[in-house]
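Quick one: this structure, given as structure tokens, is what I'll be asking you about.
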Amino acid sequence: MFIFLFSFAKNIFNFILEISTMAETNKGMEEEVASAFVNHYYHLFDNDRSSLSTLYNATSLLTFEGQKIYGVEDISNKLKQLPFDQCRHSISTVDSQPSSIAGGCGGIIVFVSGSLQLHGEDHPLRFSQTFHLIPVLQGSFFVQNEMFRLNYG
Amino acid sequence: MSQMDPDAVSKAFVEHYYSTFDTNRVGLAGLYQEASMLTFEGQKIQGVQSIVAKLTSLPFNQCKHHISTVDCQPSGPASGMLVFVSGNLQLAGEEHTLKFSQMFHLMPTPQGSFYVFNDIFRLNYA
């Protein structure tokens, strides 16, 4: 249990360290931020889903397969209640752009596509997902907007 | 604009965008500005001129977008809107349709309309 907590704390620490180092340079860093965020998000999702709550706050919005959910509490509950215990995301593409002009709020849009393997299921599900990350004072980012859609064949 | 239902606004935008794309691609110039950014299948393009040049030089003349899903959310204090689309793209002469996802970040114009500030397009391969 201690080892688990330690490795989890180490993950968060590394993520924040990576992001705050990049935040200083600012210019064109959205790719690195997006890549670090995507790694962190899906690692948490696949290994410790309840810890995703650290990425949202009271103003966060999630649209999950068309269902709109507001705020970190309801978002956390939704993600915890998804009808599968184990899953593994495989990421195919990550695209990112700054969401405002230079000197603006510093937000970053991250657009992901990939597949999702549910434990016990034969075939993986393909998905696309959009995140809008907003920087916070400590040099990290939180998820202001998130939209998830399965891509059916 | 603030009185309008964001879902209705995003739906109207999506219909306008894809019908312009499918019938008058050069007309898309009216939807982008100098600061606009497009990432098209991983290629980054900036500014309305370069974006329209890219879209009008795509290697097909005729296409038709069929939209399956449209999701939207307000993006923050600047009154922007994020619009997340998935659907199919039928190219003239091709047997099978291509699945795609696309993300727009719309920003308001002083005239009460919207322009595309961010645009990210990806085909969804099986």
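The values are calculated or read from the model by the stated rules, or taken from the named source; none is laboratory data. Small disclaimer: the values here were computed from a predicted structure and weren't measured. So basically every Cβ, Gly included, is an ideal-geometry build from the backbone, and we count neighbours across all protein chains shown. Surface areas here come from the heavy atoms of the whole protein model, side chains and all, with no ligands, DNA or RNA. Shrake-Rupley method; radii C 1.70, N 1.55, O 1.52, S 1.80 Å.
What distance in nm separates the two pseudo spin-label positions at A:His43 and B:Ser19, each 7 Å out from Cα along the beta-carbon direction?
Label at A:His43, label at B:Ser19, 4.8 nm between them.
Per q in 0.09, 0.23 Å⁻¹, report the Debye log10 I(q)/I(0) for segment B:20-126, using one uniform scatterer on each alpha carbon and no solvent.
Result of the Debye calculation: -0.23, -1.47.
Turning to a different aspect of this structure: Non-local amide H neighbours of B:Asn124 (under 5 Å, H modeled in plane, Pro and chain starts lacking H): which ones?
For B:Asn124, whose amide H was placed from the backbone, the distant partners under 5 Å are B:Lys99, B:Phe100, B:Ser101.
Could you check what % of the DSSP bridge pairs in the protein assembly as shown are antiparallel, to the nearest 5?
Roughly 90 percent of the DSSP beta bridges within the protein assembly as shown come out antiparallel.
So how compact is the protein assembly as shown: Cα radius of gyration and Dmax in angstrom?
18.9, 62
Same structure, new question: Relative to the Cα centre, what is the charge dipole magnitude of the protein assembly as shown, using +1 at the beta carbon of each Lys and Arg, -1 at the beta carbon of each Asp and Glu, and rounding to the nearest 20 debye?
The dipole of the protein assembly as shown has a size of about 140 debye.
While we're looking at this one, here's another question. First measure r as the distance between the Cβ atoms of A:Ala102 and B:Lys54, then evaluate 1/(1 + (r/R0)^6) with R0 = 30 Å and state the FRET efficiency to the nearest 0.05. Don't skip to the end; give the middle numbers.
Details: r = 22 Å, r/R0 = 0.75.
It comes to 0.85.
Hey, with R₀ at 35 Å, roughly what FRET efficiency would B:Lys11 and A:Lys80 work out to, going by the Cβ-Cβ distance, to 0.05?
0.65
Would you give the gap between the C-alpha center of segment B:20-45 and the C-alpha center of segment B:98-113, rounded to a whole Å?
10 Å
Is there a quick way to get the dipole size of segment A:72-153? I mean about its Cα centre, with the Cβ of Lys and Arg at +1 and of Asp and Glu at -1; what is the value in debye to the nearest 20?
100 debye
Once you have the alpha carbon radius of gyration of segment A:55-153, what is it after dividing by 2.2 N^0.38 Å, with N set to its residue count? Before the final figure, lay out each step's value.
Values: Rg = 14.7 Å, N = 99, 2.2 N^0.38 = 12.6 Å.
Its radius of gyration relative to the 2.2 N^0.38 Å reference: 1.17.
Whole number in Å², please: accessible area per residue of segment A:23-153, 1.4 Å probe, ligands, DNA and RNA not counted.
48 Å²
Measure out, as a whole number of angstrom, how far apart the alpha-carbon centroids of segment A:25-74 and segment A:84-153 sit.
Taking the Cα centre of segment A:84-153 as reference, the centre of segment A:25-74 is 7 Å away.
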